[in-house]
Amino acid sequence: MAKFKDRYELFKLEGLRNKPFALFYNPSMMTRFSSISGRELSLKHLNIVLGHIDNNTKINDIGCGRGFFGLELAKRKGCKVWACDGSERRTSIVRILSTISDLDVTCEKLLLDEQNVHTLPEADVTLFLSVYHQIYINQGKKAADKILLVLWKKTKRTMIFAMADSREQDYPKYVEGMKDFGLEQDEIMENVTALLQSLPNSKVTIIGQCDYFNVTSPRYFFKVEKES
């Protein structure tokens, strides 16, 4: 009964109201209504990350959205995950999915800023995937860099970082207004690398790239490791 209640609550969060249908619903880590191309892209991104996460790792998933990465890592690798996002709806979805699947995932509603970033727990690995640019645009470069630095200090081993550029119509322009990162893709990639290399005792490698639907600029994934 408890899990049926959770499934129906998930339905409501997704805008559904057909309660009997919840009996036959098998929720996945991705939204039930993701497009085929969206699912394929998410799995490609996940496969890039999976190869760099050890079993039973303690993970912070920053700006987790619907929790796809954290939930899958908890499921596939036995990771203990702390996640946060600024949306109550999305964090509610993560909490329900983790309950239904019996996963060790804690999710809090938190819109990261210079003050509350200090309250985050420490973790072996931090996932900071396509969040930096949002903080930069909304809070400014100084705040974004400070938050990145604090997250790095709270990371014991590795940070997985992603940021992409998109200039196609109807797609988010990730680095729009981010004059410090340049205009050309090579320049943006070099400047992101330099940003991550500026973190104390950091070793930076590009671990993968993935085209974002039909957008010309790929999403790059960076691995930042603590040097002894």
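The values are calculated or read from the model by the stated rules, or taken from the named source; none is laboratory data. The structure presented is a predicted model; accordingly, all values stated were derived computationally and were not measured. Every residue, glycine as well, gets a Cβ built from its backbone with ideal geometry; the counts of neighbours run over all protein chains shown. Side chains are part of the model used for accessible areas, which takes the heavy atoms of the whole protein and leaves out ligands, DNA and RNA. Shrake-Rupley method; radii C 1.70, N 1.55, O 1.52, S 1.80 Å.
Among residues of region 207-224 that are modelled with pLDDT under 55, those with a Cβ under 8 angstrom from a residue that is not in a loop (DSSP other than H, G, I, E, B), sequence gap 6+ or separate chain, pair up as PHE213/SER37; PHE213/LEU41; VAL215/ALA164. Among the residues of region 94-120, those that are in contact (Cβ under 8 Å) with a residue 60 or more places away in the chain and touching an Asp or Glu at 6+ places or on another chain (Cβ under 8 Å) comprise ILE96, THR99, ILE100.
Residues in region 55-68 that are open to solvent by 40 Å² or more (accessible area, probe 1.4 Å) and in contact (Cβ under 8 Å) with a residue 40 or more places away in the chain: LYS58 only. Of everything listed in (1) in contact with a Lys or Arg (Cβ under 9 Å, 6 or more places away or on another chain); (2) in a strand (DSSP E or B); (3) closer than 23 Å to ARG219 by Cβ, the single unmet condition for GLY65 is (2).
Listed here are the residues, each with its yes/no results for (1) of a type in the set (D, E, K, R); (2) modelled with pLDDT under 95; (3) closer than 18 Å to PHE222 by Cβ.
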position: GLU40; (1), (2), (3): yes, yes, no
position: ILE53; (1), (2), (3): no, no, yes
position: ILE59; (1), (2), (3): no, no, yes
position: PHE69; (1), (2), (3): no, yes, yes
position: ARG90; (1), (2), (3): yes, yes, no
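Counting only helices (runs of 4 or more DSSP H) that sit completely within region 68-163, those holding 2 or more residues that are polar (S, T, N, Q) correspond to 88-100, 132-139.
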